[in-house]
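The values are calculated or read from the model by the stated rules, or taken from the named source; none is laboratory data. Predicted model only: the values in this text are computed from it and were never measured. Positions of Cβ are generated from backbone atoms using ideal geometry, with glycine treated the same way; all protein chains shown enter the neighbour counts. All accessible areas refer to the heavy atoms of the entire protein, side chains included, with ligands and DNA or RNA removed. Shrake-Rupley method; radii C 1.70, N 1.55, O 1.52, S 1.80 Å.
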Amino acid sequence: MKPLGSKEIREKFLQFFQNNDHLKINASSIVPHNDPTLLFINSGMAPLKKYFLGKDTPPCPRLTNYQPCIRTKDVDDVGDRHHLTMFEMLGSWSIGDYYKEKAVELAYNLLVNELGFDKQKLYVTCYEGDKESGIPADDVSAKAWEKVGIPKDQIIFLGVDNFWGPAGDSGPCGPCTEVFYDCGEKFGPKWNPGDEFDTTKRYIEIWNAGVFMEFDKSKEGKFSPLPLKSVDTGSGLERMEMIMNGYDSVYQTDLMRPILELVTSQYPNLDEKSRYMMTDHLRSSSMMLSEGISPGNEGQGYIPRRLLRKCLGAVVSAGHDNPDFSIFVNKVEELMGEYYPSLKQNKDFILNQIKLEIDEFLPVVKKGISHINAVFNLSDGVALFDIPENEIISLPNKGKKEFSGRQAFILNTTHGLPLDVIYSELEKQNTELNEKEYEKCQQEHKKISRVVSYGSSDSGVSLEDLFKDTQATIFTGYERMKDNSSILTLIKNNQVVDQVQEGDEFFFAVAQTPFYAESGGQVGDKGEFKTSSVQGLIRDTQKAGDVFYHVAKLQKGYLKKGDPIDLIVNNETRLKTRRNHSATHLLHAALREVVGKHALQKGSQVTPERLRFDFQNNGPLTEEQLEKIEILANQWIRDNNTGITRELPYAEALDEGALGLFGENYGDKVRVVNFGEDSKELCGGIHVESTGEIGLMLIVSETSVAKGIRRIEAITGEKAIRYVQERNSVLREASHLLNSKISSLPENIDKLQKKFSDLKKQGKATTTSNVEKPSEEKIFEVKGKKFVLARIDSDKDHLKNYGDQRLDRGHEDIVALVGRDEGSIRAFVWLKQDLSKKIKAGDILKQILGPIGGKGGGKPHFAQGGGSADADINKVFELIDNGDLKSWLEQKL
């Protein structure tokens, strides 16, 4: 078998099938079109369902192509030798044309006669049948393999693994025959008839040589014959290249290796599984983002967010504080842009979305790791929440400790720290996670969160089904913040119940409610409910069809169907939300006034904290445009225009010039909200009575969301005032430091920059050569790592500058500096990133400051601290003279 690269394999595969009367068709987007059963395209057949179901006629009965696929079920397996989240599928199809015998013949000819596979190393599997479903064993395929030359003892009958599909909850499916390659004794023992067939190590699938589409599976699980008998084949390009070149993993292929090499060079201290994970996840995320998918908390956006955050968690846990993934995006474009042009066309969007995700999530990871350090009483740890006693217990029989599953669960679900990072940090402390406790917390959480997140129960019943017998909710929240009603429906643990008790988390619907249910970009209301003997929290309000349901927790008493209750909306969050919602309307009007009428709304999100507004525009707004928009919107706020709401026929509202959201489905009657003559929109949300209530609106960012779509984020009210105060404080501080008027700051900063630039050109910028030299210095080596302790009596900037440059020179692995400055002792410790897994800079600092009673802390690779002015600094150097510090380091390293 001749080694081939991915490009040659792709071309040979397509040409073979074209020579056998197959029409080459273009690859489809990984985003499904009109297919609610799929999150992403997960097979080459998925975009062709309509042909297999007989709903449309294919351009040719025989087709072939290559197709990018996303398999989210494989995410947790990524890191081994052959699983990938995104891969390229080489496919061929017969739709109502040839069937099993011809499919097997083509497969054999391509593998053996065209690509040069040794038939003695090919093993094939066939479906053993299922009596319960009435589906017989696939003897036809087995005999076809024997006929073309595959030995009988290399034909294996398997069960469910050889029944493929459907590509979603329902659709075309059928028995399949798969081809496996024997990778040799290096990967395990040889299979013998009667043994379990290993499909993960020695025997690797290289081609599903025929999914024989005979059945249409309904959502209820019933199988009915398809109008056409068809063949669907698929081969993972990366896997095929791995086998043809004798590689140990797909990460050695020309599609993956260049990315892996970049990951390795950028983050050399990651383990192999983490490097594989990053290679896959960054490639997969780039492909998803190239299709205009933004990272988010649900739906398609959740997948790139999950992948990127796993990568970010891995590198931060390994000691890298400021990761930059842009070089990986460039490499993915270089490798795949020829075949998938969206990687080139939308590269700016990809880079922007990844940067936003890093900026948002990096503090989360750092805080999570800091919390774990606090649990272990490490100097650089700050707790995010209370740490009860006994959150770490000893496991004497294992020589390890155990970390609370409850702590890990809170870090993971509430604070967003990936579980992979938690495991990595615990491993550094020789500590295991209490997985049983973690799983218990997880199961309890799923009882409510799964339904909220996905709108269906564990059994697949939608919330609309659960509330189907509940009358439509009357919303009274336009007029009032409090109301009373009676319980119509209670849902607990995904079932309709008659009663809930203290401590239960549940959903309920009432006849009428003042709580706004999330819709139109505005989040649902929060608040409380009560009676004379009952008290509880409402954490969210959502919709199931025409029913508003409240996501609740009962704090006191019992609640039964039919009980009367009082409903009280949280006044503070409602007022903040309505300020932001009305400001969104003013922002929209100002955008159209300043940028142009094309700047139509493409989406929005309104929360108590901020507003987000997406609009159509081909490029970023200028600073001048943003300033004009802000001025105009705030002018309308000061005009204190009254908010007027009316119900009008849809056509009449449009004739009046009211704006609607593109793509939204409106009824015959619509609610029109206008503020003066400047803003008039179709909207069902909550708004201020007059624009003056908004107080102030400030734009805090303007970014790209997708090609032709921009996003503005803004704040209002008290938050906007605090934002201005913080900026003014910074300006005043800068003015004081530069001894300059605030109005002159830009000019004076420009002068300083020019002056510094001139100094650099003259070679007079601060360098190691003009930083004060150490007055005392001691160097020793521990396990091949060099340590230096030096004294410089100077200010902290000189000390830090000297230490940074000394570590950068690379002669020492650990640099410690001490010195007197303005009547106190200062101390700093630096260490190379690769040592931060074994020892923390803060721990070394504690040892150094111990003899003088000093304190300090910092990051894993850098720490600073000090001691009192009357301390004897010579005691620090005695640690080296008596060998105590060296002995301590030997134990740690």
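Quick one: length gained pulling residue 519 to residue 892 fully straight, 0.36 nm per residue minus the C-alpha distance?
Numbers: separation 373, 0.36 × 373 = 134.28 nm, distance 5.60 nm.
Stretched out fully, the residue 519 to residue 892 stretch lengthens by 128.7 nm.
Ignoring everything except DSSP H segments at least 4 long, calculate the 222 nm mean residue ellipticity for the chain; use -39,500 (n - 2.57) per segment, divide by total residues, nearest 500.
On the way: 24 runs with 306 residues, N = 893.
Mean residue ellipticity, 222 nm, calculated: -11000 deg cm²/dmol.
With point charges of +1 on the Cβ of Lys and Arg and -1 on the Cβ of Asp and Glu, referenced to the Cα centre of the stretch 563-610, which listed residue (590, 568, 606) lies farthest in the positive direction of the dipole?
So the residue furthest toward the plus end is 590.
Enter the mean projected area of the convex hull around the alpha-carbon atoms of the stretch 592-748, in nm², rounded to one decimal.
Details: hull surface 43.7 nm².
Answer in nm², one decimal: 10.9.
Over all alpha-carbon pairs in the stretch 575-679, figure out the percentage whose distance exceeds 15 Å. Let's see the in-between values first.
Values: 3619 of 5460 pairs.
The proportion of pairs with Cα distances above 15 Å equals 66 percent.
Ranking request for peptides 146-152, 269-275, 585-591, 258-264: highest mean number of other beta-carbon atoms within 10 Å first, then the rest in descending order.
Values: 146-152: 13.6, 269-275: 16.4, 585-591: 25.6, 258-264: 19.0.
Answer by packing, highest mean first, reads 585-591, 258-264, 269-275, 146-152.
Could you give P(r) for the stretch 469-570, binned at 5 Å from zero, as whole percent values over all Cα-Cα pairs?
All Cα pairs considered, the percentages come to 3, 14, 27, 29, 18, 7, 2, 0.
So if each residue of separation counts as 0.36 nm, and I subtract the Cα-Cα distance between residue 298 and residue 185, what length gain in nm does that give? Each step should come with its number before you reach the end.
Values: separation 113, 0.36 × 113 = 40.68 nm, distance 4.41 nm.
Contour length minus the Cα-Cα distance gives 36.3 nm.
Order 105, 425 by their accessible area, 1.4 angstrom probe, all chains in place, largest first. Don't skip to the answer; put the middle values down first.
On the way: 105 80, 425 10 Å².
Final ranking, largest accessible area leading: 105, 425.
Compare the Cα positions of 842, 98, 252 along the charge dipole of the chain (+1 at Cβ of Lys, Arg; -1 at Cβ of Asp, Glu; about the Cα centre) and return the one farthest towards the positive end.
Of 842, 98, 252, it is 842.
Hey, how many Å between the Cα centroid of the stretch 785-855 and the Cα centroid of the stretch 548-583?
55 Å
Take every Cα pair under 8 Å in the stretch 19-96 that's 6+ residues apart, average their separations, divide by the length, and report that relative contact order as a whole percent.
Numbers: 123 pairs, mean separation 26.3, N = 78.
34 percent.
How large is the direction-averaged shadow of the alpha-carbon convex hull of the stretch 67-126, in nm²? List each step's numbers first, then the result.
Values: hull surface 24.0 nm².
Computed as one quarter of the Cα hull surface, the answer is 6.0 nm².
Taking the stretch 172-217, which GluC sites (Glu not before Pro) meet the DSSP loop condition and have no more than 13 other C-beta atoms within 10 Å?
Here the sparse-neighbourhood loop sites are 196.
Which one, 873, 519, 415, is farthest towards the positive end of the dipole of the chain when Lys and Arg carry +1 and Asp and Glu -1 on their Cβ?
Result: 873, furthest along the dipole toward the positive end.
Mind checking the log10 I(q)/I(0) for the stretch 175-306 at q = 0.16 Å⁻¹? Debye, one equal scatterer per Cα, no solvent, two decimals.
After summing over all Cα pairs, the log10 values are -1.08.
Using a probe of 1.4 angstrom, how much of the accessible area of the stretch 176-240 is carbon and sulfur, in percent? List each step's numbers first, then the result.
Working: 1470 of 3000 Å².
So the carbon and sulfur contribution to the accessible surface is 49 percent.
Heavy atoms only, probe 1.4 Å: what % of the accessible area of the stretch 1-87 goes to carbon and sulfur, would you let me know? Could the numbers behind the result be given before it?
Details: 1790 of 3930 Å².
C and S atoms contribute 46 percent here.
Using the Cα centre as the reference, give the magnitude of the dipole from point charges on the C-beta atoms of the chain (Lys, Arg: +1; Asp, Glu: -1; all else neutral), rounded to the nearest 20 debye. Please list the in-between numbers first.
Working: 116 positive and 133 negative charges, 286 e Å.
It comes to approximately 1380 debye.
What translational D, rounded to a whole number of µm²/s, comes out for the stretch 103-250 from Stokes-Einstein when the hydrodynamic radius is the Kirkwood one over Cα pairs, at 10 °C and 1.306 mPa s?
On the way: Rh = 16.0 Å.
Estimated via Stokes-Einstein, D reaches 99 µm²/s.
For the chain, what does the accessible surface come to per residue with a 1.4 Å probe? Please give it in Å².
Working: 42320 Å² over 893 residues.
Averaged over the residues of the chain, the accessible area is 47 Å².
Compute for the stretch 470-512: radius of gyration divided by Kirkwood radius, i.e. Rg/Rh, restricted to C-alpha atoms, rounded to two decimals.
Values: Rg = 12.0 Å, Rh = 11.7 Å.
Rg/Rh: 1.02.
Cα to Cα, under 16 Å, and not fewer than 8 places away if on the same chain: which lysines meet these conditions relative to residue 837?
366, 428, 783, 785, 859, 892
Output the pairs from 73/440; 367/840; 121/310 with a Cα-Cα distance over 26 Å in this structure; if there are none, say none. Walk me through the intermediate numbers first.
Working: 73/440 23 Å; 367/840 17 Å; 121/310 37 Å.
Long pairs (Cα-Cα over 26 Å): 121/310.
Counting alpha carbon pairs within less than 8 Å and at least 6 residues apart, what relative contact order, in whole percent, applies to the stretch 197-338? Walk me through the numbers before you get to the answer.
Working: 131 pairs, mean separation 23.0, N = 142.
RCO, the stretch 197-338: 16 percent.
Taking the Cα centre of the stretch 788-851 as the origin, how large is its charge dipole in debye, to the nearest 20, when only Lys and Arg (+1) and Asp and Glu (-1) carry charge on their Cβ atoms? Before the final figure, lay out each step's value.
Working: 12 positive and 11 negative charges, 53 e Å.
Using only the charged Cβ atoms, the result is roughly 260 debye.
From the alpha carbon gyration tensor of the chain, can you work out the equivalent ellipsoid semi-axes (sqrt of 5 times each eigenvalue) and give them in Å, largest to smallest?
Numbers: eigenvalues 498, 388, 177 Å².
With the √(5λ) rule applied to the chain, the semi-axes are 50, 44, 30 Å.
Quote the charge dipole size of the stretch 591-633 about the Cα centre in Debye, to the nearest 20; the model charges only the Cβ of Lys and Arg (+1) and of Asp and Glu (-1). Working shown, then result.
On the way: 6 positive and 7 negative charges, 54 e Å.
Using Cβ point charges on Lys, Arg, Asp and Glu, the stretch 591-633 gives about 260 debye.
Among the helices of the chain (complete DSSP H runs), which have Cα atoms covering no less than 18 Å along the helix axis and a Kyte-Doolittle mean of at least 1.6? Could you put the intermediate results ahead of the total?
On the way: long enough: 6-19 (20 Å, -0.99); 272-290 (27 Å, -0.73); 299-317 (27 Å, 0.15); 347-375 (41 Å, 0.27); 435-454 (25 Å, -1.66); 571-594 (34 Å, -0.98); 623-639 (24 Å, -0.85); 717-738 (32 Å, -0.61); 745-761 (24 Å, -1.22); 796-809 (20 Å, -2.26).
Both cut-offs are met by no helix.
Quick one: check the C-alpha center-to-center distance for the stretch 480-535 versus the stretch 223-301, whole angstrom.
Each part reduced to its Cα centre gives a spacing of 44 Å.
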